[in-house]
1. Can you tell me which residue in the stretch 186-214 is surrounded by the fewest Cβ atoms within 10 Å (Cβ to Cβ), limited to those that are in contact with a Pro (Cβ under 9 Å, 6 or more places away or on another chain) and within 21 Å of A303 (Cα to Cα)?
2. Which of the residues spanning the stretch 43-67 are under 24 Å from T137 (Cα atoms) and in contact with a Ser or Thr (Cβ under 7 Å, 6 or more places away or on another chain)?
3. Identify, please: which residue in the stretch 266-292 is basic (K, R) and touching a residue at least 60 places away in the same chain (Cβ under 8 Å) and is, among those, surrounded by the most Cβ atoms within 10 Å (Cβ to Cβ)?
4. Which one is nearest to Y245 (Cα to Cα), of the residues in the stretch 293-311 that are in contact with a Leu (Cβ under 7 Å, 6 or more places away or on another chain) and in contact (Cβ under 8 Å) with a residue 60 or more places away in the chain?
5. Out of F188, F232, which single residue is within 17 Å of the chain's Cα centre (by Cα) and under 28 Å from R72 (Cβ atoms)?
6. Condition test on A276, is it aliphatic (A, V, I, L, M) and in contact with a Lys or Arg (Cβ under 6 Å, 6 or more places away or on another chain)?
7. Do we have F263 as among the aromatic types (F, W, Y), under 27 Å from A167 (Cα atoms) and surrounded by 14 or more Cβ atoms within 10 Å (Cβ to Cβ) here?
8. Would you check which residues across the stretch 71-80 are surrounded by 21 or more Cβ atoms within 10 Å (Cβ to Cβ), touching a residue at least 60 places away in the same chain (Cβ under 8 Å) and not polar (S, T, N, Q) and list them?
Amino acid sequence: MSDADSVTLLPAEADLQSVERLGEAYRRITTEVGKVIVGQQHVIEEILIAMFAGGHCLLVGVPGLAKTLLIRTLADCLDLSFSRIQFTPDLMPADITGTEVIQEDKATGARAFRFIPGPIFANVVLADEINRTPPKTQAALLEAMQEHQVTVGGRWHKLPEPFFVLATQNPIEQEGTYPLPEAQLDRFMFNVMVDYPTEDEEFHIVRQTTADTQAVTSKTLSREEIGALQHFVRRVPVADHVIRYAMQFTRLTRNRGVGVPDFIKKYVSWGAGPRASQYLVLGAKARAVLHGRPYASTEDVRAVAAPVLRHRLMTNFNAEAEGVRPDDIVARLAEMIPQDPQSLAEKKTLEPVFKTA
């Protein structure tokens, strides 16, 4: 029995056209970004998956790997407004959200407060080195990321749609930084690891960036088209066993659950919450469409498991002492969780999240 066999809802012809359109847009975007960025294909794919699923991304990598350039290039290709916020220890919340100023009407002499929007009022917001600013300023992003609005002076101000926060962190230099609290980490759909380029990629990077030429990218999608495709991603059908497959990844990370493997109890202090299951399914839907399929499969869930879970697993001292990373734990879970529908159908009696007295 395949993933498609258990999907009772057949996609309409219009939906198939949307699949083709999004798949074509994905190929065009990667082509345009490739004019500026060499390599980093998995990073580009994961960012686009999060964008079309309506989520935010945390990019982790050492300096000099073109994280900022990649985000700016994507914003240009998607015809979206772009804003960069350089997080520093002296940055205040009003520097991000905006503030109210007193403005005088020259004709009448009347004075009134007028809201001056901050840099967060953009479609794509780059929060550069987000862990360099105090928690008070970091918290200013919480409402924006979750509600797509900011509250200033007791008034709500809606942010432009679509709205994405792409934050960067340096994994090496941790002195004088403020680690993001778990509540804010959980707001990021993906934690994307930006690694060093290969030798051939680095050769092309050096040759391309030291020449007297500048690549020009073309617009591929408008903000209206992106909004329509985001709604379409949520309409992608997903079989029950695929949802249960995603839930197994999340539930088996909780060391107090039933049937939790020994390595979870040994290495994990706290596991992922229900938002991880939601993002696993949404990410699987978006990935399936980007690859030209009108339904999500267990393979799609498996492909997005690491970026969804790596920042939601709190490892303990045992893991640190033995060099066990969250990615290693996710890989071991992927090996042990069955992918066939029959085995997953038997997982109906999962331990309830809330027990009644």
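The values are calculated or read from the model by the stated rules, or taken from the named source; none is laboratory data. On a predicted model such as this, the values are computed, not experimentally measured, just so you know. Every residue, glycine among them, receives a Cβ derived from its backbone with ideal geometry; neighbour counts consider all protein chains shown.
1. M193
2. Scanning the stretch 43-67 gives L59, K67.
3. Per the stated criteria, the residue is K285.
4. Restricting attention to the stretch 293-311, the residues satisfying the condition of being in contact with a Leu (Cβ under 7 Å, 6 or more places away or on another chain) are 294, 301, 304-305, 308, 311.
Checking which are in contact (Cβ under 8 Å) with a residue 60 or more places away in the chain leaves us with 294, 304, 308, 311.
Details: P294: 19, V304: 12, V308: 14, H311: 20 Å.
Applying the filter and picking the extreme gives V304.
5. Selected residue: F188, the only one of F188, F232 that is within 17 Å of the chain's Cα centre (by Cα) and under 28 Å from R72 (Cβ atoms).
6. yes
7. No: the conditions fail for F263.
8. I71, C77, L78, L80
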